[in-house]
Amino acid sequence: MSTSDQDQAVDTPIAAPDTGERRLTPRQARRLRIALSSVGMAAMAVVLGLRIASRSSVLVVGVYGLALILCGIVIELSRNGRTRLGSWLLGIGLVAAIGSDWLLIP
């Protein structure tokens, strides 16, 4: 097998039966959850900085601090293959953080 044959074999995708639906592989799902959690963590850090600049409250730090911790937990769960649990926690946790910001923080 020549070098060009080896390159072609690596670049050629394996033909799979076309079922009409595309599913993520477990590795892709883990990477997607890690990326979403990282984006959520960065967004919560920015919002925390903006909220502290406008009003300094322990409640603000508590709510967004817990949201940051939750994003870190989801990243670790995704690394260990618990992507469904991580997805549910991320969704529910971020909605709870935004809802508590809207309802609790004056």
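The values are calculated or read from the model by the stated rules, or taken from the named source; none is laboratory data. All of these numbers come straight from a predicted model, not from anything done at the bench. Cβ atoms come from the backbone with ideal geometry, glycine included; neighbour counts cover every protein chain shown. Calculation scope for accessible area: heavy atoms of the full protein, side chains included, ligands and nucleic acids excluded. Shrake-Rupley method; radii C 1.70, N 1.55, O 1.52, S 1.80 Å.
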Kindly indicate whether Asp11 is modelled with pLDDT under 50, out of contact with any Pro (no Cβ under 7 Å at 6 or more places or on another chain) and over 30 Å from Leu68 (Cβ atoms).
-> yes
Which listed residue, of Gly93, Gly86, is under 10 Å from the mean Cα position of the chain (by Cα), farther than 18 Å from Leu50 by Cβ, assigned to a helix (DSSP H, G or I) and not hydrophobic (A, V, I, L, M, F, W, C) = Gly86
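Looking only at segment 86-99, count how many residues are modelled with pLDDT of 85 or more and surrounded by 14 or more Cβ atoms within 10 Å (Cβ to Cβ). First the steps, then the outcome.
Residues of segment 86-99 that are modelled with pLDDT of 85 or more, as a first pass: 88-89, 91-93, 95-96, 99.
So of that shortlist, the ones also surrounded by 14 or more Cβ atoms within 10 Å (Cβ to Cβ) come out as 89, 93, 96.
Counting residues in segment 86-99 that are modelled with pLDDT of 85 or more and surrounded by 14 or more Cβ atoms within 10 Å (Cβ to Cβ) gives 3.
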How many of the residues making up segment 33-45 are open to solvent by 30 Å² or more (accessible area, probe 1.4 Å) and under 17 Å from Trp102 (Cβ atoms)?
-> 1
Close pairs from segment 52-78: first over 15 Å from Leu94 (Cα atoms) and open to solvent by 70 Å² or more (accessible area, probe 1.4 Å), partner of a type in the set (Gly, Ala, Ser) and assigned to a helix (DSSP H, G or I), Cβ under 9 Å, at least 6 apart = Leu59/Ser100; Glu76/Gly86
Members of segment 21-58 that are farther than 16 Å from Ile75 by Cα and part of a helix (DSSP H, G or I) | Val46, Val47, Leu48, Gly49, Leu50, Arg51, Ile52, Ala53, Ser54, Val58
